[in-house]
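*Asks:* Before anything else, here's the structure in question.
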Amino acid sequence: MSLSRRHFLGTAAAGAASLAASRVSFAQGAPIKIGILHSLSGTMAISETTLKDVMLMLIEDQNRKGGVLGRRLEAVVADPASNWPLFAEKARELISRDQVSAVFGCWTSVSRKSVLPVFKELNNILFYPVQYEGEESERNVFYTGAAPNQQAIPAVDYLMSKDGGEAKRWVLAGTDYVYPRTTNKILEAYLLSKGVAPADIMINYTPFGHSDWQTIVADIKRFGSAGKKTAVVSTINGDANVPFYKELGNQGIKATDIPVVAFSVGEEELAGIDTKPLVGHLAAWNYFQSVKNPANEAFIKRWQEFTRNPRRVTNDPMEAHYIGFNMWVKAVEKAGTFDPDKVIDALPGITAPNLTGGVSEMLPNHHITKPVLIGEVRDDGQFDVVWQTSGLVPGDAWSKHLEGSKDLIGDWVTRKCGNFNTVTNRCGS
Amino acid sequence: MITLRLMRALAGREQVFLALLAALIVLVPVGNLVMPPDSVLHIPTGTVVLLGKYVCYAILAIALDLVWGYCGILSLGHGAFFALGGYAMGMYLMRQIGTRGVYGHPVLPDFMVFLNWKELPVTWWGFDWFGYAMLMVVLVPGVLAFVFGWLAFRSRVTGVYLSIITQALTYALLLAFFRNDMGFGGNNGLTDFKDILGFPVQAQSTRVGLFVLSVATLAATFGLARWLVGSTYGKVLVAIRDAESRTRFLGYRVEHHKLLVFTLSAMLAGIAGALYVPQVGIINPSEFAPTNSIEAVVWVAVGGRGTLVGAALGAVVVNALKTVFTTGALAPYWLFALGGLFVLVTLALPQGILGLLERRRAAKSTAVSPKAAE
Amino acid sequence: MTVSPLRWLCACGLWLILAVAQPLQAQPATIPADAATRLAEDGFSATEAAIGLIAASGAPHAVAALEAMADRRLLFWKDPARAIWRDAAGASFDLLTGEAVASPPAGASLVRVNNRLRGAIQAALGTLTLLSPDPQRRLRAAEAVLRSRDQAALADVETALARETVARVRVALLEARAALILTGTTADRPTREGAIATLVDVADTTALTVLRQVLPTADATLKPVIEAGIASIERTMAIRDVAQTVWFGLSLGSVLLLAAIGLAITFGVMGVINMAHGEMVMIGAYVTFVVQEVIRTHAPHLFDWSLPIAIPLAFVCAGAVGIAIERGIIRFLYGRPLETLLATFGVSLVLQQAIRTWFGPTNREVGAPSYMSGFFEVWGLQITYGRLWILVFTLVVFACLLLVLRATPLGLQMRAVTQNRRMASAMGIRTRFVDAMTFGLGSGIAGIAGVALSQIDNVSPNLGQSYIIDSFMVVVFGGVGNLWGTLVAAFTLGIANKVLEPFAGAVLGKILILILLILFIQKRPRGLFALKGRAVEQ
């Protein structure tokens, strides 16, 4: 049984271990503080608590290696409780009261939007580890999750390919918030440009936490019966996925008939579902736990040891934090200081190994290069990688498929501007 | 002269409360703007923002106490009025961004450009004018409360039924504002404000200014509410709370009394929301969440229902606890503390914190008085 | 159990034919070596070619090998190319010869399969297993052929059809044959018309798919027939849609009722505004999780019994927590209903965080026993077993509750105490005991609801939160203190929601329901079935 009392003991023990590790000799000076801003209560705790734990682990490991620039790191955990104004309040507290050198945090776009003015005002660094809708490039934020071109478009390409089943008809199903709206907008434009007829695209939005999927799944089934191979692109948000997949399984929609490719369903979400009826449904990510290479295996082993749970899974946002944290360490070493302002300038161009065997680079637009992997759900809750990009894909801050943003680029190295218009050659418009 | 008479009419705790507000208005700007940052007396900007937020919650709490504490209407939807006021303010602030949005569109806010909207929806017209926006801050919650109240009180929906439908109201608004098609920014809400009446929102002096304005509004709200409950009208409200049917049989138009106080309270909540948004920098549909409204009720109960001052006190105490407990080692356990506090207050302190303070003072004075008699 | 002699004879006959037919066909016993070479290339297209070779070989072990490939039990070696499969027990067999392999060498890799290959395997298996003695397999085979429209299977379908005795399989085979005839090029016009007629008779989505697919390429004279067929199927389906909507509504209603029924006791009967009600549901769901976890580690064969075991346990656990809350907190608050709201809100926060601390914040896996998964069709309506059982279960719980309240001494005392506490006390009823029991009963039923809801929703600390608002709406809409009202309200809201959803969308539909509810309460301020008399005016 994997009751989390163990998990709790595990964290406590890990804390003790980090104290022990702190006896590794450190140079003079107080420890350097790192802020962790993930919800530990409320609706988002379900996803974000894991990221807090992974940061604690990474910081502990770094201290074992002797810290950074000879200084010990210390994690400061804040709980914004899935409450958006509280995110801003906690960010301010971490930066001005605790004097942290960088913050790793946020999950939803709205939480990022909420803390953004604070980071700009107090000039600190936020590492944001989750795939998002793009359309943003800020000096103080480093986006280590996927932009739409690193997840959505390759997934659709795969489904249109021979291996993916040559889908001709598309259901874009999402939760009604900005990430699905934007992703679907981009995908719709992309599909139309690929010659898909408007009648062959069905778009459907549901509220957060939607739990009764009978009608929608039946609709999808009917839409799929028009005689053309149909695929579902799901941007359904975390909580609503379990009932959605349960309904798919119950209504007998098999992946061989209508495959569902999801952008928000990873190992962590599947841990709550019996995946036998879902074998073959897909997910597009930049990392899967099942990827075989020594770095990943070591990471998984360490994570399961850290959480004292041999069945604990890893997922994509965890890898994003792993990359982001290592980039921060390297940037601090390059800049020779913890001063956020200098580290921000040192970060673009920094490379750090990712867990899929490549080396990711921080780009001038503050997004990173990542491989795109398509995985099929296995009956043990893991994914089988069935396709992957040959190289790393650079993240686009601004989508080329949206009217308002196709001329914009983010460049914090030479142009010092997050929304530079390449047509007017001006920053801002 | 009038002030003196007014002060005399107020109970001791109310005098203390007003004195405290006056002190805040003076000390906080001095502490933040005048004192050097390394001084012990310096108040960091973060604290000013935090206090400003508490003050807005206190206004909401007083508004709620007015309907619940004095008229017995338990509204589980006051967060909706607060959020509507906040949205009206947020829309004004969005329009002030002008071409400084990421896409540089002169009229449309970023999220509309982003979703390929071509023109400003009707609901947004006029919000670039401060006066109109401020009118909407009170009008939208006021009209909604009036219509809702008129329907509900006229057909004598009372007690838990009323509480549950107010909850349904805020829940429906929550779902509606989450919809991107509504044109209010969906889940991301309104954010990244630049300036208010030409003053940059992020500037220290603007923050202090907003804080002072909030405290002044709190004092005014308190004054209005205090005057109201002290008047004959207020006595009728209490009569309705204690025995609605009897009051009706005595010839009072219960519905009218209820409707007036409910609408007024919603307007006050709207003002609180409007002050809240520029200070926290974001307004999002989650402000409509039913738990937020329930939490507001809890503040009133914790502070002391039917005392006005207690409501404000409760709002500050609960939120301060939240701030303290959500950082550091206690972070995973703060819900235990908060939940435990609610249980404890209802069981041990039915009159709230204020009731406890007063009981202790009363106990002390009875303990002291025999000595004085000697 | 009796087996009709006729069926018995048929089955024997079929078996005989098969037994005789086998040696006559003089099949090659091996799969061509090329199959192993292609597999060793480790590419999806190469593997697909290998599937073709295996399927076409006619080797008796081809079916087992293909099934192993689909289940990720087929391994391959490069240099020299070789492949073996493992059966479910772990024994190894050579792909080419089908002979058992004692100790396979090291360095094997798994043959990777994706959806495309899984489809190819299904299609191949379909053709190979059309004549299987197991009707379930024949049914799957017919469906696979229908899906793949593999023209080569037509002859086998005809053979199978001639022998088929099970009605359900027969329909599937007929549909498959019709699809093959229509998508093929060889059949003459009357055969095609017959095929269209068959599809119109079946009138399901697959039939519609086939007709729509062949319509553009059909010759001009046949087009009107197909179009008429499509129109006919669409008419049938329109009627069916109404029934389907009603079924969805009933099913949603049963979930609402289940979630609200406990609240109808604690809130409706006792007047406690129980904000911790959702957490009782959550406790029930977590009890299910723990039961399943224990069964998985200690007695996997009992898995199908996990829900029957969890139900009483969930009742006891949630009931015990409920009694503890009543004894510890609520009994001090009788007569102050609004205070109970605050206290139970606090309790709900504590319980949520307690679960989060003990079980972690992430979703927990609660599996579906075999009888809860899948669906069956009645007149083309798809009824999922899980939903059906939940509906039945809800009605049973409701009936039991009515029985407890009406026909047991405890129920009598409960009603007495809630109607007139002092009078009841004067009659010698231990009111405090009855209070605790009533609250325990309400909480326990919420716990039972958690067992059922764990089958369709997330098992996470947020579970309760997602039902609490709906539950209050249902109880208030039905009329506080009236169980029948709760029943009617739940099904009304469920069906209304499902009727609105296709037109307004899920979000707007829900908003409309809430607005209608608010307006309804203006009309009937005390719900659908208001209690009458002086007691209501408190």
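The values are calculated or read from the model by the stated rules, or taken from the named source; none is laboratory data. In this text the structure is predicted, and so the values were computed from the model without any measurement. Cβ coordinates were reconstructed from backbone atoms using ideal geometry, including for glycine residues, and neighbour counts include every protein chain displayed.
*Asks:* Could you tell me which of the residues A:185, A:194 is farther than 24 Å from residue B:103 by Cα and surrounded by fewer than 23 Cβ atoms within 10 Å (Cβ to Cβ)?
*Replies:* Going through A:185, A:194 in turn, the sole match is A:194.
*Asks:* What about residue C:292, is it within 24 Å of the chain's Cα centre (by Cα) and within 11 Å of chain A (Cβ to nearest Cβ)?
*Replies:* yes
*Asks:* Scanning segment A:117-129 for residues that are of a type in the set (A, V, I, L, M, F, W, C) and surrounded by fewer than 24 Cβ atoms within 10 Å (Cβ to Cβ), which turns out nearest to residue A:408 (Cα to Cα)?
*Replies:* In this case the residue turns out to be A:119.
*Asks:* Could you count how many residues in segment C:113-148 are touching a residue at least 24 places away in the same chain (Cβ under 8 Å), surrounded by fewer than 18 Cβ atoms within 10 Å (Cβ to Cβ) and either within 12 Å of chain A (Cβ to nearest Cβ) or assigned to a helix (DSSP H, G or I) (or both)?
*Replies:* Qualifying residue count, segment C:113-148: 1.
*Asks:* Also: Mind listing just one residue for me: the one in segment C:214-236 that is of a type outside the set (Ser, Thr, Tyr) and not in a helix (DSSP H, G or I) and, of those, farthest from the other protein chains (Cβ to nearest Cβ)?
*Replies:* In the first step, residues of segment C:214-236 are kept if they are of a type outside the set (Ser, Thr, Tyr); the result is C:214-216, C:218-220, C:222-231, C:233-235.
Restricting the remaining residues to those that are not in a helix (DSSP H, G or I) gives C:218-220, C:222.
Numbers: C:218: 13, C:219: 18, C:220: 20, C:222: 16 Å.
Per the criteria, the residue is C:220.
*Asks:* Which fully enclosed helices (runs of 4 or more DSSP H) of segment A:262-357 have 3 or more residues being within 14 Å of chain C (Cβ to nearest Cβ) and buried (at least 21 other Cβ atoms within 10 Å of the Cβ)?
*Replies:* The helices (runs of 4 or more DSSP H) meeting that bar are A:267-270.
*Asks:* On to the next question. Restricting to segment B:259-290, and then to whatever is within 14 Å of residue B:91 (Cα to Cα) and outside any helix (DSSP H, G or I), can you tell me which residue is nearest to the chain's Cα centre (by Cα)?
*Replies:* B:283
*Asks:* Using the structure shown, decide if residue C:153 is buried (at least 18 other Cβ atoms within 10 Å of the Cβ) and without any contact (Cβ under 8 Å) to a residue 60 or more places away in the chain.
*Replies:* Here the answer is yes, as residue C:153 does meet what is asked.
*Asks:* Scan segment A:209-225 residue by residue and report those that are closer than 24 Å to residue A:199 by Cβ and part of a loop (DSSP other than H, G, I, E, B).
*Replies:* Correct list: A:213, A:224, A:225.
*Asks:* On to the next question. Does any residue in segment C:519-538 that is at the interface with chain B (Cβ under 8 Å from one of its Cβ atoms) and under 13 Å from residue C:480 (Cβ atoms) come within less than 8 Å, Cβ to Cβ, of a residue that is part of a helix (DSSP H, G or I) and at pLDDT below 70 six or more places away or on a different chain, and which pairs are these?
*Replies:* What qualifies is C:526/C:536.
*Asks:* For residue B:265, indicate whether it is more than 18 Å from residue B:141 (Cα to Cα) and at pLDDT 95 or above. Walk me through how you get there before you give the answer.
*Replies:* Numbers: more than 18 Å from residue B:141 (Cα to Cα): no; at pLDDT 95 or above: yes.
In short, no.
*Asks:* Among the numbered criteria (1) farther than 25 Å from residue C:502 by Cβ; (2) within 11 Å of another protein chain (Cβ to nearest Cβ); (3) in a helix (DSSP H, G or I); (4) of a type outside the set (S, T, N, Q), which single criterion is violated by residue A:248?
*Replies:* That leaves (1) as the condition not met.
*Asks:* Tally up the residues in segment B:109-124 that are assigned to a helix (DSSP H, G or I), touching a residue at least 40 places away in the same chain (Cβ under 8 Å) and within 14 Å of chain A (Cβ to nearest Cβ), please.
*Replies:* 3
*Asks:* Considering only segment C:306-314, I want to know if a residue exists there that is within 13 Å of another protein chain (Cβ to nearest Cβ) and either within 27 Å of residue C:274 (Cβ to Cβ) or touching a residue at least 40 places away in the same chain (Cβ under 8 Å) (or both).
*Replies:* Yes, segment C:306-314 contains at least one residue that is within 13 Å of another protein chain (Cβ to nearest Cβ) and either within 27 Å of residue C:274 (Cβ to Cβ) or touching a residue at least 40 places away in the same chain (Cβ under 8 Å) (or both).
*Asks:* So residue A:390 passes all but one of these: (1) touching a residue at least 24 places away in the same chain (Cβ under 8 Å); (2) polar (S, T, N, Q); (3) not in a strand (DSSP E or B). Which condition number does it fail?
*Replies:* It is condition (1) that residue A:390 fails.
*Asks:* Moving on. Please count how many residues of segment C:237-271 are aliphatic (A, V, I, L, M), within 10 Å of chain A (Cβ to nearest Cβ) and farther than 19 Å from residue C:477 by Cβ.
*Replies:* Matching residues across segment C:237-271 total 1.
*Asks:* Given the condition assigned to a helix (DSSP H, G or I) and away from chain B (no Cβ under 13 Å), answer yes or no: does some residue in segment C:456-463 qualify? Lay out the reasoning, then the answer.
*Replies:* Narrowing segment C:456-463 to residues assigned to a helix (DSSP H, G or I): none.
No; the residues of segment C:456-463 include none that is assigned to a helix (DSSP H, G or I) and away from chain B (no Cβ under 13 Å).
*Asks:* Is it the case that residue B:86 is assigned to a helix (DSSP H, G or I) and within 14 Å of chain A (Cβ to nearest Cβ)?
*Replies:* Spelling it out, residue B:86 is indeed assigned to a helix (DSSP H, G or I) and within 14 Å of chain A (Cβ to nearest Cβ).
*Asks:* I'd like to know if segment C:250-260 contains one or more residues that are assigned to a helix (DSSP H, G or I), over 24 Å from residue C:462 (Cα atoms) and not assigned by TED's automatic domain parsing to the domain that holds residue C:326.
*Replies:* Yes, because at least one residue in segment C:250-260 is assigned to a helix (DSSP H, G or I), over 24 Å from residue C:462 (Cα atoms) and not assigned by TED's automatic domain parsing to the domain that holds residue C:326.
*Asks:* Name, by its number, the condition in (1) over 30 Å from residue C:335 (Cα atoms); (2) of a type in the set (A, V, I, L, M, F, W, C); (3) assigned to a helix (DSSP H, G or I); (4) more than 14 Å from chain A (Cβ to nearest Cβ) that does not hold for residue B:127.
*Replies:* (3)
*Asks:* For segment A:384-394, indicate whether the set of residues that are farther than 30 Å from residue A:33 by Cβ and either out of contact with any strand residue (DSSP E or B) (no Cβ under 9 Å at 6 or more places or on another chain) or in the same structural domain as residue A:52 (by TED's automatic domain parsing) (or both) is non-empty.
*Replies:* Taking every residue of segment A:384-394 in turn, at least one turns out to be farther than 30 Å from residue A:33 by Cβ and either out of contact with any strand residue (DSSP E or B) (no Cβ under 9 Å at 6 or more places or on another chain) or in the same structural domain as residue A:52 (by TED's automatic domain parsing) (or both).
*Asks:* Just one of the numbered conditions (1) assigned to a helix (DSSP H, G or I); (2) in contact with a helix residue (DSSP H, G or I) (Cβ under 9 Å, 6 or more places away or on another chain); (3) farther than 30 Å from residue B:234 by Cα is not true of residue B:148; which one?
*Replies:* (3)
*Asks:* Among the residues of segment B:157-180, count how many are at the interface with chain C (Cβ under 9 Å from one of its Cβ atoms) and touching an Asp or Glu at 6+ places or on another chain (Cβ under 8 Å).
*Replies:* The number of residues fulfilling the criteria is 3.
*Asks:* Could I ask something else about it? Mind checking which pairs have a first residue in segment A:277-292 that is without any contact (Cβ under 8 Å) to a residue 60 or more places away in the chain and a second that is not aromatic (Phe, Trp, Tyr), Cβ under 7 Å, 6 or more apart or different chains?
*Replies:* A:277/A:249; A:277/C:373
*Asks:* What single numbered condition from (1) of a type in the set (A, V, I, L, M); (2) crowded, with 20+ Cβ neighbours inside 10 Å; (3) within 19 Å of residue A:133 (Cβ to Cβ); (4) modelled with pLDDT of 90 or more fails to hold for residue A:171?
*Replies:* Of (1) of a type in the set (A, V, I, L, M); (2) crowded, with 20+ Cβ neighbours inside 10 Å; (3) within 19 Å of residue A:133 (Cβ to Cβ); (4) modelled with pLDDT of 90 or more, only one is false for residue A:171: (3).
*Asks:* I've got another one for you. Would it be correct to say that residue C:132 is closer than 26 Å to residue A:255 by Cβ, over 26 Å from the mean Cα position of the chain (by Cα) and at pLDDT below 85?
*Replies:* yes
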